Amino acid sequence: MIDVLRTSAAALALALAGTAFAADDHHSLAKGDAKAGADKAATCVACHGPDGNSVNPEWPKIAGQSARYLEASLAAYKSGDRKNALMNGQAMNLSAQDMQDLAAHYAAQSMKPGAGSEDSIEVAEPLYRGGDADRGLPACLACHGPAGGGNAAAGWPAIGGQHATYLATALKAYRSGERNASANGQMMTAVAQDLTDAEIEALAGYIAGLQ
């Protein structure tokens, strides 16, 4: 199953390799009302900051993330497919319109640049840009773009500039299978399955510096 998912991830990445990884696509594909979303975001500010750029490295920056990804994430928290005690509670009472509006609001914000680790480049850059053919790992940039801008149309998140601590936690959750309820989650589990702790930490430090 892991090999099948890896093959699917690689094939899908190749099929969409020509798709632009443009930051403004994240906003243009939004179905909700950004102004209404701003009015509904009061409880989000405590963790994610007034503009979606969280200060705590354990909480993700959601500014500039694609509306499709944000809406899907909120829906997964609401259904319980994605586990997080705080977010499950926050999403529980959100309507479909609420989720669309919040997604539109945060997609319209700009993610602040992150701080990468120069020490991570030697290990992480080859994996990010070229993958590992011996382990059947596709290059990260095939789905997330050369600068980590993601692919809004495919629902693949922007990861460049994200907090390294959060990225490492997410990769470990994918690797363990904790975060694989969705089709994309299953592909990420397949990709992360053979990554070592050192490789995960290196990738997180490297991606945090992309912009």
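Miscellaneous remarks
- Meets criteria (in contact (Cβ under 8 Å) with a residue 12 or more places away in the chain and open to solvent by 50 Å² or more (accessible area, probe 1.4 Å)) for residue 99: no
- Scan of the range 56-83 for residues that are of a type in the set (Ser, Thr, Tyr), part of a loop (DSSP other than H, G, I, E, B) and open to solvent by 60 Å² or more (accessible area, probe 1.4 Å), ordered by number: none
- Residues of the range 161-178 classified as closer than 23 Å to residue 54 by Cα and either at pLDDT below 95 or open to solvent by 60 Å² or more (accessible area, probe 1.4 Å) (or both), total: 3
- Comparison of 184, 151, 84 shows that the only residue that is among the polar types (S, T, N, Q), in contact with a Phe, Trp or Tyr (Cβ under 8 Å, 6 or more places away or on another chain) and within 20 Å of residue 40 (Cβ to Cβ) is 84.
- Considering the range 111-136, and only residues there that are aliphatic (A, V, I, L, M) and at pLDDT 95 or above, the residue that is farthest from residue 183 (Cα to Cα) turns out to be 121.
- Scanning the range 177-211 for residues that are out of contact with any Asp or Glu (no Cβ under 6 Å at 6 or more places or on another chain) and of a type in the set (Gly, Ala, Ser) returns 177, 182, 183, 185, 190, 192, 198, 202, 204, 205, 208, 209.
- Among residues of the range 185-204 that are under 21 Å from residue 164 (Cβ atoms) and surrounded by 22 or more Cβ atoms within 10 Å (Cβ to Cβ), those with a Cβ under 6 angstrom from a residue that is modelled with pLDDT of 95 or more and of a type in the set (S, T, N, Q), sequence gap 6+ or separate chain, pair up as 202/120.
- Among the residues making up the range 123-136, a single one is touching a residue at least 12 places away in the same chain (Cβ under 8 Å) and open to solvent by 90 Å² or more (accessible area, probe 1.4 Å): 129.
- Selection status of residue 166, among the hydroxyl-bearing types (Ser, Thr, Tyr) and under 13 Å from the mean Cα position of the chain (by Cα): yes
- Scanning the range 92-124 for residues that are part of a helix (DSSP H, G or I) and within 18 Å of residue 66 (Cα to Cα) turns up 96, 97, 98, 99, 100, 101, 102, 103, 104, 105, 106, 107.
- Conditions (1) buried (at least 19 other Cβ atoms within 10 Å of the Cβ); (2) touching a Cys at 6+ places or on another chain (Cβ under 8 Å); number of the one not met by residue 154: (1)
- Top-ranked residue of the range 35-55 - restricted to ones that are of a type in the set (S, T, N, Q) and open to solvent by less than 80 Å² (accessible area, probe 1.4 Å), ranked as nearest to residue 101 (Cα to Cα): 53
The values are calculated or read from the model by the stated rules, or taken from the named source; none is laboratory data. Just so it is clear, the model here is predicted, and its values are computed rather than measured. Methodologically, a virtual Cβ is constructed for each residue, glycine included, from the backbone with ideal geometry; neighbour enumeration extends over all protein chains shown. We work out accessible area using only protein heavy atoms, side chains counted, and drop any ligands, DNA or RNA first. Shrake-Rupley method; radii C 1.70, N 1.55, O 1.52, S 1.80 Å.
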